[in-house]
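Let me begin by presenting the structure, written as structure tokens, before commenting on it.
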Amino acid sequence: YINIMVGTLEKPERTYLYECAPINGAANTEIVLRVIDDSINSLGIIRSNFNLLLSDAASYMVSAGKMLHLLIK
């Protein structure tokens, strides 16, 4: 599962669970990137307004974060 939480930087204490996406098989960079990008788009958030990604230090998460950073530029 990938849990997507949303909130604002102005009020970080106020966050909401937006999606709990099941993953079939092992998680990888492509799946994580797709789930996060789909969530950003479905919320109507402009990619450049996406500012924070919290994750564990798994290599696929680090890679997904780097790819998201490239998409935002």
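Bear in mind these aren't lab numbers, they're just calculated from the coordinates by the rules spelled out. What you are looking at is a predicted structure, and each value in this text was computed from that prediction instead of being measured. With ideal geometry, Cβ positions are generated from the backbone for all residues, glycine too; neighbour counts draw on all protein chains shown.
May I have the convex hull volume per residue, in Å³, for the Cα set of the chain? It would help to have the intermediate numbers written out before the result.
On the way: hull volume 6.6 nm³, N = 73.
Cα convex hull per residue, to the nearest whole number: 90 Å³.
Could you tell me which of N24, V6, G65 has its Cα farthest along the dipole of the chain towards the positive end, charges placed at Cβ (Lys, Arg +1; Asp, Glu -1), taken about the Cα centre?
G65
Within 10 Å of each candidate Cβ there may be at most 12 other Cβ atoms; applying that plus a DSSP loop requirement, which GluC sites (Glu not before Pro) in region 5-73 survive?
Counting only loop positions with at most 12 other Cβ atoms within 10 Å, the GluC sites (Glu not before Pro) in region 5-73 are E10, E13.
Explain nothing, just the number: relative contact order of the chain, from Cα pairs under 8 Å at least 6 residues apart, as a whole percent.
After rounding, I find 27 percent.
Enumerate by residue number the trypsin sites (Lys or Arg not before Pro) in region 1-60 meeting two conditions: DSSP loop (anything except H, G, I, E, B), and at most 14 other Cβ atoms within 10 Å of the site's Cβ.
Of the trypsin sites (Lys or Arg not before Pro), the ones in loops of region 1-60 whose Cβ has at most 14 other Cβ atoms within 10 Å are R14.
Could you size up the charge dipole of the chain around its Cα centre, putting +1 on the beta carbon of Lys and Arg and -1 on that of Asp and Glu, and report it in debye to the nearest 20?
The calculated dipole for the chain is roughly 180 debye.
With runs of 4+ DSSP H residues as the only contributors, calculate the mean residue ellipticity of the chain at 222 nm using -39,500 (n - 2.57) per run, divided by the residue total and rounded to the nearest 500. Don't jump to the answer; show the numbers that get you there.
On the way: 2 runs with 28 residues, N = 73.
Dividing the helical sum by the residues of the chain leaves -12500 deg cm²/dmol.
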